[in-house]
Amino acid sequence: MTSTSRRAYGVKGAPYAFLLPATILFALFFALPIGYAIWLSFHKVKVSGLGLGAGARKEVWAGLENYTDALTDNELVDGALRVLGYGCIVVPVMLGLALLFALMLDSEKVRLAPFTRLAIFLPYAIPGVVAALLWGFLYLPDVSPFYYVLEKLGMPQPDLLDGGPLYLALSNIAVWGGTGFNMIVIYTSLQAIPAEVYEAAKLDGATPLQVALKIKIPMVAPSLVLTFFFSIIATLQVFSEPTTLKPLTNSVSTTWSPLMKVYQDAFGKGDIYAAAAQATIIALATLLLSFGFLRAANRRNKQDVSQGGAR
Amino acid sequence: MSSLAVGKAESAAGTTPGTVQNRPPLRRRIALIPTVTLLFGALYCLLPVAWVVIAATKSGSELFSTFTFLPGTGFADNFSDLSAYRDGVYWQWMGNSALYAGLGALLSTCVSAFSGYALAIYRFRGRETIFNVLLAGVLMPPVILAIPQYLLLAKADLTDSYLGVLLPQILSPYGVYLSRIYAAAAVPGDVVEAGRMDGASEWRIFTRVSLPMMVPGMVTVFLFQFVAIWNNFLLPYIMLSDDEKFPITLGLFTLLEQGANTPALYTLVITGAFLAVIPLVVLFLVIQRFWSLDLLSGAVKS
């Protein structure tokens, strides 16, 4: 009896023991920092007198002051608009290319597929900083092959690191780095479609294009939704690419993206309270946008299903 | 293109000699549009890599004077210049990155394996709650974490130390997620039950029976986390100020910052970027056959 009950206890306690390291790490490096950031966002420093001596600087309750400051801060709002514009280029182009390449890889009689698949996936292994650095040099007229060709042809040479083209230049880095990973995700779910699904279409004499549009894309819609979801989150938090391009051009300010602004306020200005409020707003906006998208996508899927059933 | 077509034709002829006469035209046997599209994609993705390989061979003057895709003669000089830069700090950065990514990914894989196994095999109170809370970590923007992590670690006097970069990256919600999916698929409940019947302890069952079954999935988790830590920029950028402790991403960034205004330093930055790309590309090529990508995306699918 005692041995069975001890064993039962051992089994009962085992999952908690296995989960202990993750729980401790989660508490220390996720829950605590988030709680602390939220706490900070509602506080500010009050300086009494000349701000000298112990106790002259006190943390006091600030209410929503940091939040209203952040939302009326032009630098933050401009940064958010810039990143929205950037995201409107990156996400559709990256996922469009990923879907296109995945469909091409999945098509019959395609040659060199293992090589091209690996080549397109390769940028995933290259750090964002290095990717930005490589493209940054390719954008520099002095060393770029594109400019060399344009010059030889006597064509105008646009400045890629300024104004509107800067968005394209930055977007290109993200598209280059992210297409391969998303392609693999979509390609794998294409591979999971059972062959029988295509049989009927083949008998009907459907062209590959029709099969792709009418069968393949609807079948991989769930992975498209998820790649979209994660791409939105990643795009809104762009930081290392514009930071890396900054030394190469004057057009990227220290507050180009909202995240850079948070960094600037926290470590440049030393106002961690404002930075915490901004970080919280960015996190909330990210969650709102990404989950809003997820809900909208799910609702549409359900509608499609019910319409399909009605038909 | 033509040699491929010949190869294809030969193999077709070899397998079905009777149908040689009825061989369909070339266009039908090779899907031309998909192949060409994919080759363009590959060209686009390889272009910057090819450029940095060639640019790293150029001396400072060649970089600005010769055609971009013409190899230069300065690689040996660039290499020794880079190695000599500030008493070899570049190789220190590489070593640091290997340490952060290697040790961090190893610890992360262990934690993920423990948690994923517990969540997949046991039925216990709070299981789904714990899983969902851990998973919510995936959605937390790194920025809302990194700044308070810095402030809190500053109180523990751990900023600007190896631990400050290592510790926050051990728990990977995505790794826990993958491990759970993989353990559920790879470890049959009967086997665990049989182990219990034999009187083995839960820990013994895990290490001797379940863990070996989970190895392929754990390789994926390790590699995924290795790449994530190696490529991370924000956390070390916030956490570190002593450049002896920088990982390679941060080191290259500071090199670029100093070099941007002095074209003489361009060659150092380019050679540094080239050498920094090599380890991950090699790792990538060697392991892509072991890397269970199905798992990576299968997990996203469900």
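Report, in deg cm²/dmol and to the nearest 500, the calculated mean residue ellipticity at 222 nm for the protein assembly as shown, where each DSSP H run with n ≥ 4 adds -39500 (n - 2.57) and the sum is divided by the residue count.
About -22500 deg cm²/dmol.
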Would you list, by chain and number, the lysines whose Cα falls below 23 Å from the Cα of residue B:58, excluding same-chain residues fewer than 8 positions away? A:152
Between residue A:167 and residue A:81, what is the label-point separation in nm under the 7 Å Cα-to-beta-carbon projection? 1.1
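Under a point-charge model restricted to the Cβ atoms of Lys and Arg (+1) and Asp and Glu (-1), what is the dipole moment magnitude of the protein assembly as shown relative to its Cα centre, in debye to the nearest 20?
Dipole about the Cα centre, nearest 20: 2140 debye.
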At a Förster distance of 35 Å, what's the computed FRET efficiency of residue A:11 paired with residue B:132, Cβ-Cβ distance as r, to 0.05? 0.90
When the distances between all Cα atoms of the protein assembly as shown are binned every 20 Å from zero, what whole-number percent does each bin get? 17, 48, 30, 5, 0
Could you state the number of Å between the C-alpha centres of the range A:103-161 and the range B:172-201? 44
Quote to one decimal, in nm, the extra length available between residue B:286 and residue B:208 on full extension: 0.36 nm per residue of separation minus the C-alpha distance between them. 25.3 nm
Suppose R0 equals 30 Å; then what is the FRET efficiency for residue A:202 and residue A:300 from their Cβ-Cβ distance, rounded to the nearest 0.05? 0.55
Kindly list the residues of the range B:202-229 that lie in the label zone of residue B:194, defined by a backbone N under 12 Å from the point 7 Å along the Cα-to-C-beta vector. B:209-210
Please give me the summed charge of the neighbours of residue A:162: other residues whose Cβ is under 15 Å from its Cβ, Lys and Arg +1, Asp and Glu -1. +1
What is the sum of charges, Lys and Arg at +1 and Asp and Glu at -1, for the other residues whose Cβ falls under 13 Å from the Cβ of residue B:92? -2
Candidates A:277, A:125, A:27; GNM for chain A (alpha-carbon contacts under 10 Å) flags as most fluctuating A:27
Exposure proxy check: B:196, B:125, A:117 ranked by fewest other beta carbons within 10 Å? B:125, B:196, A:117
Using a Gaussian network model of chain A with C-alpha springs under 10 Å, which one of A:171, A:231, A:253 is most mobile by mean-square fluctuation? A:253
If you take the square roots of the eigenvalues of the alpha-carbon gyration tensor of chain A and sort them as a ≥ b ≥ c, do you get rounded (a/c under 1.5), prolate (a/b over b/c) or oblate? oblate
Expressed as a whole percent, how much of the Cα-Cα distance distribution for the range B:96-249 exceeds 23 Å? 44
Highest GNM mean-square fluctuation among A:104, A:260, A:183, for chain A with Cα springs under 10 Å, belongs to A:104
Going 7 Å from the Cα of residue A:219 toward and past its Cβ, which residues in the range A:97-119 have a backbone nitrogen under 19 Å from where you end up? A:98-110
Rounded to the nearest 0.05, what FRET efficiency is calculated for residue B:61 and residue A:72 with R0 set to 51 Å and r the Cβ-Cβ distance? 0.45
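Only the coordinates and a few stated rules stand behind these numbers; no lab work does. Since we're looking at a predicted model, the values are computed, not measured. Because the Cβ atoms are built from the backbone with ideal geometry, glycine has one as well, and the counts that use them run over all protein chains shown.
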